[in-house]
Amino acid sequence: MRALAGALPSLLLRLLLTSSPEALGANPGLVTRITDKGLEYVAHEGLVTLREELLGITLPDFTGDFKIKPFGRGRYEFHSLQIHSCELPGSTLTPLPGQGLSFTISDSFIRVQSEWKLRKSFVWLLNLFDNQIESKLRKALENKICERIQKSVASDLQPYLQTLPVTTEIDSFAGIDYSLTEAPRATAQMLDVMFKGEIFNRDRYSPVTFLAPVMSLPEDHNRMVYFAISDYVFNTASRVYHEAGHLNFSITDDMVPSGSTIRLTTKSFRPFAPRLARMYPNMNLELQGTMASAPFLNLSPGNLSLTPQMEIEGFVLLPSSVREPVFRLGVTTNVSAMLTFNTSKITGALKPGKKDSWVELLEALLNYHILNTLYPRVNEKLAEGFPLPLLKRIQLYDPVLEIHKDFLFLGANVQYMRV
């Protein structure tokens, strides 16, 4: 049933797929929680679709006979059976701890109209409908409804569920693994589904050497769905881009603004490194920066930060075009992070803090380059964000974002956009 599939957040729908957890026992990097409010919305959308399915059913002709003592036998025929209307006023979708979900419809009725006739007709024969004909007609109707729903599940629901891949592309370089780490957990008020949430290099996979933290989720129920995203997700991304060299950079004098009083030359370094200026007078320098390790995101209540440790290597550019290494420095910088949450993805940006470097001139050069080149490049990538595990035509609204120890907690309501 197409709308029933659409109304479910993608993690709930994964329960209906035949695939099993691929990383059994590991802590999840991402948890999606569907609350009782979200399950109520799913049940409502399910009723809308079920009613549409029922009104579209064509029932077969229905015939039979019965004994009438002392008159012999009678025969009935129903032709052009159609469901004229149906009322489905109430439904519930309830988590069953340790089992799954129970979908219940109550206080419903279906009105069927047809052309019909009775042979050996007497007015009193109509009373036979209650105790002989109605039960047979009800059984035939139930069989047809079940057949139609099973067909709809096979032709509409299952293909729709399969539009959510186990892995999702972030960009041309990286993807995110949304395989399950364990069977979903149902409690009396919510359903939790656990994803691996690992960002990986799409061309060359290498195993992650650190684990996702254990997350203690708040007991919030104001939104239909919540996403708990641990620092593991962001740090696997940092690892991937670091290993590929995307965080490395270089600075040469021609990259420094022409009006700047600070030049990347041995002459400018004379007050700090006089021996360098004497050995290589009036020569240009090149700085190459690498991250000593992948910078990890630190999450604490209300705060996001990184402390990248960089290694800066200086080269003199000799007249022969040879690059002569002349010094190596360690630089630590504090970086604050800002994340935003929209209807389908998480985006972010970095904001630099104060650096701890050995040389004030070097710090000024690094400041300029990082602010005007490195951070804009990283922020452009962060602005693209990574997609949340949502199926097609699902939109989130009324988002809220909280920062907890080791994870982000994102809440939203869900709307299925009908086509």
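The values are calculated or read from the model by the stated rules, or taken from the named source; none is laboratory data. All of these numbers come straight from a predicted model, not from anything done at the bench. Note that each Cβ is placed from the backbone with ideal geometry, even for glycine, and that neighbours are counted across all protein chains shown. Ligands, DNA and RNA are excluded from the accessible area calculation, which covers all protein heavy atoms including side chains. Shrake-Rupley method; radii C 1.70, N 1.55, O 1.52, S 1.80 Å.
Looking only at the stretch 210-220, decide whether some residue is charged (D, E, K, R), touching an Asp or Glu at 6+ places or on another chain (Cβ under 9 Å) and crowded, with 19+ Cβ neighbours inside 10 Å.
At the first step, the residues of the stretch 210-220 found to be charged (D, E, K, R) are 219-220.
Right, trim to touching an Asp or Glu at 6+ places or on another chain (Cβ under 9 Å) and you get 220.
Now restrict to residues that are crowded, with 19+ Cβ neighbours inside 10 Å: none.
No, the conditions are met nowhere in the stretch 210-220.
Name every residue in the stretch 190-228 that is assigned to a loop (DSSP other than H, G, I, E, B) and of a type in the set (Asp, Glu), in order of residue number. Break it down into steps so the answer makes sense when it comes.
Quick first cut of the stretch 190-228, residues assigned to a loop (DSSP other than H, G, I, E, B) only: 196-197, 202-224.
Selection gives ASP203, GLU219, ASP220.
Within the stretch 229-236, is there a residue that is farther than 23 Å from PHE296 by Cβ and either open to solvent by less than 20 Å² (accessible area, probe 1.4 Å) or not in a loop (DSSP other than H, G, I, E, B) (or both)?
The answer is no; no qualifying residue exists.
Take the stretch 268-292 and flag every residue that is farther than 21 Å from GLY330 by Cα, loosely packed, with under 15 Cβ neighbours inside 10 Å and not aliphatic (A, V, I, L, M).
ARG278, PRO281, ASN282
I'd like the full set of residues that are assigned to a strand (DSSP E or B), at pLDDT 90 or above and of a type in the set (A, V, I, L, M), limited to the stretch 260-304.
Within the stretch 260-304, just LEU285 meets the criteria.
Can you find a residue that is surrounded by fewer than 11 Cβ atoms within 10 Å (Cβ to Cβ) and at pLDDT 85 or above anywhere in the stretch 166-189?
So far as the stretch 166-189 goes, no, none of its residues is surrounded by fewer than 11 Cβ atoms within 10 Å (Cβ to Cβ) and at pLDDT 85 or above.
Within the stretch 17-72, how many residues are under 30 Å from ASP231 (Cβ atoms), modelled with pLDDT of 75 or more and either of a type in the set (Val, Ile, Thr) or open to solvent by 70 Å² or more (accessible area, probe 1.4 Å) (or both)?
5
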